[in-house]
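Q: My structure is below; once you've seen it, I'll send some questions.
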Amino acid sequence: MLATRRRFCTMLGSALAVARVPTSAAAAENYPSRPVQLVVPYAPGGSGDLLTRLLGDALSKQWGQQVIVENKPGAGGLIGTEAAAKSAPDGYTLYLATDGPLTIAATLHRHLAYNWERDFAPISMMAVGYQILLASPKLPATNLKEFIALTKQNPGKYNFASIGVGSAPHLAAELLLSMAGLKLTHVPYPGSSQQCIAALISGDVAMFMVGTSTAVPFVKAGTVRGLAVTAPERIDSLPDVPTFAELDMPKMDYSLWFAIEAPSGTPAAIIQKVHDDIAAVVADAAYQKALHIRGFEARSDTPEQLTVFLQNNYLQLKPLIERLGLRVD
């Protein structure tokens, strides 16, 4: 009798599993049947926000459904990331992934309300980009050499901004300070590049590392000074700003990446469909041009490739964070 019951349970489980397959496939075929929320864990105006809106507009046209960009800033991206991690895994909440709240936070924070590997399903990369060193126009320094000399002569006198402890702009700035032997005081403006820019313009801070797309209009307007970019070559939108490599700092190559993920448990068929649709957007010449003129490269990869990339990124940043002694309780 016991053996019979076990066989029955096994057969029932197999039948239910088979029954779920076409349901999942059907859900993907009809997906999306309503608006999709795309969570950005940062305030409006930054690089991630801009790129997400460009992607969202393109996907909206493909899907015939609105992609609603939902900015949920705070705590260096942790608030929006936690909200996305706890969202229903039905494909109607997507998430802009960057290193700050994921591969950095895993080392930086002792306690997190989510696990970057367990709670998210990678879908695709969407863009890679670079950072630029901005200096306040209030400073007498007009180039990188002068900036380094000025701040080295006045250790501890000047401040630098970031969008939060352990964010990509923060780590890039710390990397530069360690390489150049400089001492500046960190002033975080959690989640807001615009606040950092305003502080730079007013002279409250002397330096800010940020994504090139955020900086371009301010550099062109002359309200801030662009001293160097982390790109391998000069970017088209800022042709007068040299690379760090040109200025004999080739190891100052901290790049940015932007990917799309979903809450874990999102049906695999929907993950694959979203990936395929993002890949189609990335392959579009007009989209590539829109990103290129802002200093980014359009890029897609498979969920499996993104999984490997994220793990490698985590292992790359972990020793840097530990060497700097950064830790948030």
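Q: Please give the helix 268-282 orientation as an angle from the longest Cα principal axis of the chain, in degrees from 0 to 90, rounded to the nearest 10.
A: 40
Q: Taking amide H positions as placed 1.01 Å from N in the peptide plane, with prolines and chain starts having none, which residues 5 or more places from K72, or on another chain, fall under 5 Å of its amide H?
A: V40, Y42
Q: Follow-up question, since we're still on this one. If you line up the Cα atoms of the stretch 287-329 on their principal axes, what length do they span on each, largest first, in Å?
A: That gives 40, 26, 17 Å along the principal axes, largest extent first.
Q: Could you check how many percent of all C-alpha pairs in the stretch 80-151 are farther apart than 20 Å?
A: 52
Q: Then there is this: What is the chain's relative contact order, in percent, from Cα pairs under 8 angstrom and six or more apart in sequence?
A: With pairs under 8 Å counted, the relative contact order is 26 percent.
Q: Kindly provide the Kirkwood hydrodynamic radius of the stretch 130-229 in Å, to one decimal, from all pairs of distinct alpha carbon atoms.
A: With all distinct Cα pairs of the stretch 130-229 included, I get 13.0 Å.
Q: Considering Cα pairs under 8 angstrom that are at least six residues apart, work out the relative contact order of the stretch 130-229 and quote it in whole percent.
A: That works out to 47 percent.
Q: Further question on the same structure: Considering amide H positions built from the backbone, and no H for Pro or chain starts, which residues 5 or more places from V210, or on another chain, come under 5 Å of its amide H?
A: I132, L134
Q: Pick out which of P101, P250, P137 has the largest mean-square fluctuation in a Gaussian network model of the chain, springs linking Cα atoms closer than 10 Å.
A: Its mean-square fluctuation being the largest, the pick is P250.
Q: Roughly how many debye, to the nearest 20, is the charge dipole of the stretch 130-229 about its Cα centre, given +1 on each Lys and Arg Cβ, -1 on each Asp and Glu Cβ, and no other charges?
A: Dipole size: approximately 200 debye.
Q: Report the trypsin sites (Lys or Arg not before Pro) located in the stretch 239-293 that are in a DSSP loop and have at most 16 other Cβ atoms inside 10 Å of their Cβ, or state none.
A: Sites meeting the loop and neighbour criteria: K251.
Q: Shifting gears a bit: Between H186, H275, H109, where does the largest GNM mean-square fluctuation fall for the chain, given springs only between Cα atoms within less than 10 Å?
A: H109
Q: Turning to a different aspect of this structure: For I293 and E29 in one chain, what is 0.36 nm times their gap in residues minus the Cα-Cα distance, to one decimal in nm?
A: The I293-E29 span can extend by a further 91.6 nm.
Q: Still on this structure, I have one more. Which peptide among 162-170, 211-219 comes first, and what is the full order, when sorted by highest mean count of other Cβ atoms within 10 Å?
A: 162-170, 211-219
Q: Pop out the ³J(HN,Hα) list for the stretch 317-324 in order, Karplus 6.51 cos²θ - 1.76 cosθ + 1.60 with θ = phi - 60°, rounded to Hz; leave Gly and Pro as x.
A: These are the phi-based 3J(HN,Hα) values: 7, 3, x, 5, 4, 5, 5, 7 Hz.
Q: Oh, and also: Pop a pseudo-label 7 angstrom from the Cα along the beta-carbon direction at both I201 and R110 and give the gap in nm to one decimal.
A: Going from the I201 label point to the R110 one covers 4.0 nm.
Q: To continue, here is another question. Could you go through the stretch 195-206 in sequence order and give the Karplus-derived ³J(HN,Hα) for each residue, using 6.51 cos²θ - 1.76 cosθ + 1.60 with θ = phi - 60°, rounded to whole Hz, and x for Gly and Pro?
A: Each residue's phi maps through the Karplus curve to give 5, 5, 4, 4, 5, 5, 4, 6, x, 5, 10, 9 Hz.
Q: Just to be sure I understand the curve: with the Debye formula and one point per C-alpha of the stretch 31-81, what is log10 I(q)/I(0) at q = 0.21, 0.25 Å⁻¹?
A: -0.70, -0.87
Q: Report the normalised scattering of the stretch 207-329 as log10 I(q)/I(0) at q = 0.21 Å⁻¹, calculated by the Debye formula with identical scatterers on the alpha carbons.
A: Taking Cα atoms of the stretch 207-329 as identical point scatterers yields -1.24.
Q: Under a 5 Å amide H to amide H cut-off, with H placed in plane at 1.01 Å, what residues pair with G295 once short-range neighbours are removed?
A: S237
Q: Would you kindly give the portion of the calculated P(r) for the chain that falls above 39 Å, as a percent of all Cα pairs?
A: For the chain, the fraction of Cα-Cα distances above 39 Å is 19 percent.
Q: What ³J(HN,Hα) values, in whole Hz, does the Karplus curve 6.51 cos²θ - 1.76 cosθ + 1.60 give for the stretch 135-144 when θ = phi - 60°, with x put for Gly and Pro?
A: Values per residue, Gly and Pro as x: 10, 5, x, 6, 7, x, 6, 10, 8, 5 Hz.
Q: If you don't mind, another one. What's the local net charge at L139, with K and R +1, D and E -1, over the other residues with C-beta under 15 Å away?
A: Result for the neighbourhood of L139: +3.
Any read-out appearing in this document is the output of simple, stated calculations on the displayed coordinates, not a laboratory observation. None of the values given here were measured: they were computed from a predicted structure. We place every Cβ from the backbone using ideal geometry, glycine too, and count neighbours over all the protein chains shown.
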